[in-house]
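Accompanying notes for the structure given below.
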Amino acid sequence: MTSPGLLEAAPPRPGRPAPGGRAVAPRRARRPAGLIAVSAGVAVLLALPLVFLLIETSGAGLHQVIALIARPLTAELLWNTVKLTVAVTAGCAVLGTGAAWLVERTDLPGRRIWAVLIVVPLAIPDFVVSFGWASLWTWVHGFRGAVLVMTLAVYPLVYLPVAASLRSADPVQEEVARSLGTSRLRTFFRITVGQARGAILGGSLLVALVLLAEYGAFELLGYQTFTTEIFTEFNLSFSVTAACALSLVLVGLSLLVLGGEGLARGRGRVARMGAGAQRVSPPLRLGKATWPALAAVTVLVAAALGVPVYSSVYWVFEGGIPSVTAGSVSMIDALAHTAGYGAVAGVLDTLAALPVAMLAIRHTGRARHFLERSTYLVLAMPGAVIGFALAYFTEQYLNGAGYQTAPLLVICYAIMFFPLALVGVKAAVARAPASLDEVARSLGQGKTATLRRVTLRLAGPGLAASFCLVFLSVVTELTATLLLIPTGVQTLATQFWQYETDGSYAQAAPFAIAMILIAAVPSYVLGRFFDRSAHAR
Amino acid sequence: MSHATRHGRRWAATALAAVAACGALAACGSAAANSSAAGATLTLDSGQHVQTAENLVAAFEKKTGIQVQIRSDDEDALADQIATEGSHSPADLFYTENTPPLMSLEGKGLLSPVAAATLSHTPSQYNSPGGDWVGVSARTSVIVYNPSLIKASQLPTQISQFADPKYKGKLAIAPQETDFQPIVLAYDRAYGKAATLKWLAGLKANAAGHIYPDNETIASEVNQGAVGFGIVNQYYWYRMRAEIGASRVKAQITHLAPHNPGYVIDVSGAAVLKASKHQAEAQKFLAFLVSKQGQEIIAHPGTGPGQSISFEYPLASGVTTLAPETPFSQLQPYPITIAQLGTGSAGIALLRQAGLL
């Protein structure tokens, strides 16, 4: 492996003009035309929903749009949406980072199992989580209920990138800090959190954007946000114009979130210096803190996973008479389609995110930065908006060709969840700086060997996390799926929804359990694939 | 070196899995394409309850040999979808729980006229005034309440009393539920716009924290004791009872005073889309819905063939419900017509002005 000594020369020395960038590495000075072209293509595809919103609202005229936005409910919705987003994002950042640190950096008993159990809640549809809680305790409603349910449903969006980042971060810095007499707590906040800062911010960004677009959970909890109102508009006015006008407000909010995250992020550099054989660093011994730590993780898993699973199982046994008898698709069929759509969308997104991430990490420039950031907007758009956008474009320009086919549905998923993939891939590319490629190449490694032995090895955890995030999100997607799914096909989510809205809880519950089980697979793979001990030996 | 090899294998495995998944997906896609290429398969966009639609379709397929595939979604989302699909809509039929989605598509010229023979099975006041859809079944609004939270004697008998401050914290409403608009429109007709807005403001204050998305949620939250009472269509209570068992149903239902604006009838209907390439077959499905056989499926509670847990009132062919309800002929609703209800947009405007939408 490359010797760390050789690489010591590479890091940029701050304070000197243009040190680590263009001057030192001439290769990067070239305009990456190919990368820009591919990334621009991705950005254009992701901009389709926004274009649709603009077409629809401009058709209505400014006067009507202003009338739709400036009504009594708007201020209330704005406040509801903002306070919820702030509270849940903060909660997720704390829970996700804390859990990732315990699992990745300490000797917490049963770390491998926890690593799986902590991720699985992401694949429980939010409407299942809220149903689970609301059916057990009536106090779970309104703002309080929404914060609780959403935090438990989406904290893995912070956990996953942070865990991946901690897993592949260089433990040396922590050890140096400790050896210099810095306390554990200070080391945690200054070094560990510092190393994972990009991942924490990236995850929090996802949480905030996902919250803006959330619908299913709030419906049940009686909490109104912009997105619940957008769905109401879709449902009531028989014109998508009002829904589109309100969606533009959502786009404005997500621009604010993106701007805030950009400010908080500043300019950091997280690249480690060696792909190296991952050094075996002894995990931090929790000692007396073991029991409290175990208790904390247990409570988290019980709340996020236990409650929805319990209520699902409860309904399997306690539900009333089976009501739906005829032609519904089988569980196996729904499972296969869900897994297939999720896997293909996951691969598509991870591949599509690579050029955008490389452009964002390895090159600078305002236009390229803008291009990368623009791709996040789509996450804050409700699924139905994206589904309607694709329906609109196929009807207008393709005579309906491709509409309600598997490829279009998968493209829709890929558009919806691209930002989830981008965060992981960006972290991955940041871990594998171009300078390492150059060193490897200069040491006589071929192009493919460099890719395989250096880039992919460092980028692996991030890429896998990307795939899994997209996969898990596809499993629970409902509103765009209902619109675009091929006729006669059901996913686990659509079948669950059909039974659930019919009040057939006993028949809905097995589909909820299947969603949880199918989510456990990538979560498990994620936990095992890049387990530290597997590397160490 | 063993590292790199192991990694190589893992990546190869991942790639293979992805390729396999793509292949499987492509296979699924082509299979779906094949089945739809078979020709006489109808696509039914349905906002009706799944079990009701499935049992009707099963009986229709058995009788005619024409296959029907169901796409279930919220009826209003489906109406938006059909409008967006325009002349390229892959759907043939649209079956809803309420008339506004049908009136909206009829207004946009997206429905085909229903055969006169089919229309004649249903009393004309429950059909489209323009003849583009046929009425299939109906429901009526009732108060659902939890006796442990509010006694029957304390309940309002007039919809106007729902806004009385003494019901603060006890009332649940679902302003975005399609079933709610007819009540708002009836109130507007009875008392005028200013009074309606004042009444809606009272409802909003009384229902704070209990503003739910739909009638199912009202029924189940009232039953669980989360809130005292609300107004829903009668069949939600019957469906809930069939679903969770009579022993677990704590909630009860009661009617408002006769001809009160809160006492309304909601009609479920069906139509053939103009974009359908199977007009004749699709018309056969409408005819089946209002035939004696179709209406009896709606009327007979149960889960077997020829039954359903619809709990709606059949409207056509003289069939009456077997569910233990107030007979349809004895209902005493507020007289508001389907044409007056229209697409519900007047009610939506009032709800928006009151800050409930």
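The values are calculated or read from the model by the stated rules, or taken from the named source; none is laboratory data. These figures come from a predicted structure and were not determined experimentally. Neighbour counts are summed over all protein chains in view; Cβ atoms, including those assigned to glycine, are modelled from backbone coordinates with ideal geometry.
What to note about this one:
- Evaluating B:TYR236 against the criteria (1) touching a Gly at 6+ places or on another chain (Cβ under 9 Å); (2) in the same structural domain as B:GLN181 (by TED's automatic domain parsing); (3) farther than 22 Å from B:THR99 by Cβ leaves one unmet condition, (3).
- Restricting region B:181-209 to residues that are surrounded by fewer than 24 Cβ atoms within 10 Å (Cβ to Cβ) and assigned to a loop (DSSP other than H, G, I, E, B) leaves a set whose member that is farthest from the other protein chains (Cβ to nearest Cβ) is B:GLY192.
- Just one of the numbered conditions (1) surrounded by fewer than 19 Cβ atoms within 10 Å (Cβ to Cβ); (2) of a type in the set (A, V, I, L, M, F, W, C); (3) within 14 Å of chain A (Cβ to nearest Cβ) is not true of B:PHE311: (1).
- Condition check for B:ALA282: more than 27 Å from B:PRO182 (Cβ to Cβ) and part of a helix (DSSP H, G or I): yes
- Subset tally (residues that are of a type in the set (Gly, Ala, Ser) and assigned to a loop (DSSP other than H, G, I, E, B)) for region B:116-132: 4
- Any hit, region A:162-180, residues being within 14 Å of another protein chain (Cβ to nearest Cβ) and either of a type in the set (Gly, Ala, Ser) or in contact with a Pro (Cβ under 8 Å, 6 or more places away or on another chain) (or both): yes
- Number of the condition not met by B:SER317 [criteria: (1) part of a loop (DSSP other than H, G, I, E, B); (2) polar (S, T, N, Q); (3) modelled with pLDDT of 90 or more; (4) closer than 29 Å to B:VAL57 by Cα]: (3)
- Single match in B:SER291, B:SER345 (criterion: among the hydroxyl-bearing types (Ser, Thr, Tyr) and within 14 Å of another protein chain (Cβ to nearest Cβ)): B:SER345
- Highlighted here are the strands (runs of 3 or more DSSP E) found entirely within region B:212-276 that include at least 1 residues which are crowded, with 23+ Cβ neighbours inside 10 Å and within 14 Å of chain A (Cβ to nearest Cβ): B:229-233, B:265-273.
- Top-ranked residue in region A:220-258 [being facing chain B (nearest Cβ under 8 Å) and touching a His at 6+ places or on another chain (Cβ under 9 Å); ranked as surrounded by the most Cβ atoms within 10 Å (Cβ to Cβ)]: A:LEU220
- Filtering A:THR350, A:THR325, A:THR290 for residues that are at pLDDT 80 or above and within 14 Å of chain B (Cβ to nearest Cβ) leaves a single hit, A:THR350.
- Residue match in region A:395-404 (condition: within 14 Å of chain B (Cβ to nearest Cβ), of a type in the set (Phe, Trp, Tyr) and outside any helix (DSSP H, G or I)): yes
- Scoring A:LEU492 on the criteria (1) facing chain B (nearest Cβ under 10 Å); (2) modelled with pLDDT of 85 or more leaves a single failure, condition (1).
- With respect to the conditions (1) without any contact (Cβ under 8 Å) to a residue 60 or more places away in the chain; (2) crowded, with 20+ Cβ neighbours inside 10 Å, A:ILE361 falls short on a single one, namely (1).
- Residue within region A:85-101 that is of a type outside the set (Gly, Ala, Ser), modelled with pLDDT of 90 or more, surrounded by fewer than 24 Cβ atoms within 10 Å (Cβ to Cβ) and in contact with a Phe, Trp or Tyr (Cβ under 8 Å, 6 or more places away or on another chain) present: yes
- All positions within region B:164-216 that are touching a residue at least 60 places away in the same chain (Cβ under 8 Å) and of a type in the set (Lys, Arg): B:ARG189, B:LYS193, B:LYS204
- Count - residues of region B:88-117 that are more than 14 Å from chain A (Cβ to nearest Cβ) and buried (at least 24 other Cβ atoms within 10 Å of the Cβ): 2
- Meets criteria (of a type outside the set (Ser, Thr, Tyr), surrounded by fewer than 22 Cβ atoms within 10 Å (Cβ to Cβ) and either more than 8 Å from every other protein chain (Cβ to nearest Cβ) or assigned to a loop (DSSP other than H, G, I, E, B) (or both)) for B:GLY135: no
- Residue pairs whose Cβ atoms lie under 6 Å apart, separated by 6 or more positions or on different chains, with the first residue in region B:280-294 and in the same structural domain as B:THR122 (by TED's automatic domain parsing) and the second acidic (Asp, Glu), are B:ALA282/B:ASP92.
- Qualifying residue in region A:263-278 (condition: within 12 Å of chain B (Cβ to nearest Cβ) and at pLDDT 80 or above): no
- B:LEU155 being within 13 Å of chain A (Cβ to nearest Cβ) and more than 16 Å from the chain's Cα centre (by Cα): no
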